[in-house]
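The structure follows.
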């Protein structure tokens, strides 16, 4: 209201835009699953599973509190290890005789 007890035209416009925005919102948003990006199927392992290195990674990252990079010849292809845990992004904590390392799932496979 203005000082002459007349309604302020700008105040009404703000209230109207807020109510219009709220009423223009759709009641439900349709879900289209074809638009959802899906990642390729990654192998799933459980803690304690035996695995082996099937492909040589470019480097190994230790699973220590202060991780360090190790050269690819640290663990040869075919070496067996055990899954100790998982990390986001398809990485697994794997324990080998030379220590524990974070390894991408593309470099390991389950042992029969």
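The values are calculated or read from the model by the stated rules, or taken from the named source; none is laboratory data. It should be emphasised that the depicted structure is a prediction, and the values quoted were computed from it without experimental measurement. Backbone-built Cβ (ideal geometry, glycine too); neighbour counts: all protein chains shown.
Would you confirm whether or not region 62-77 contains a residue that is part of a strand (DSSP E or B), out of contact with any helix residue (DSSP H, G or I) (no Cβ under 9 Å at 6 or more places or on another chain), surrounded by 15 or more Cβ atoms within 10 Å (Cβ to Cβ) and modelled with pLDDT of 95 or more?
Yes - at least one qualifying residue is present in region 62-77.
Now for a different question. So which residues in region 71-104 are without any contact (Cβ under 8 Å) to a residue 24 or more places away in the chain and within 16 Å of the chain's Cα centre (by Cα)?
87, 88, 89, 91
Of everything in region 61-70 that's in contact with a strand residue (DSSP E or B) (Cβ under 7 Å, 6 or more places away or on another chain) and free of Cβ contacts under 8 Å to residues at least 12 places away in the same chain, which residue is nearest to residue 107 (Cα to Cα)?
The residue in question is 69.
Being outside any strand (DSSP E or B) and touching a helix residue (DSSP H, G or I) at 6+ places or on another chain (Cβ under 9 Å) is the filter; apply it to region 90-109 and report the residue that is farthest from residue 62 (Cα to Cα).
90
Regarding region 36-44, can at least one residue be identified that is exposed (fewer than 11 other Cβ atoms within 10 Å of the Cβ), within 22 Å of the chain's Cα centre (by Cα), modelled with pLDDT of 95 or more and farther than 15 Å from residue 94 by Cα?
no
Limited to region 45-60, what total is found for residues that are free of Cβ contacts under 8 Å to residues at least 60 places away in the same chain, closer than 13 Å to residue 111 by Cα, in a loop (DSSP other than H, G, I, E, B) and in contact with a helix residue (DSSP H, G or I) (Cβ under 9 Å, 6 or more places away or on another chain)?
Number of matching residues: 1.
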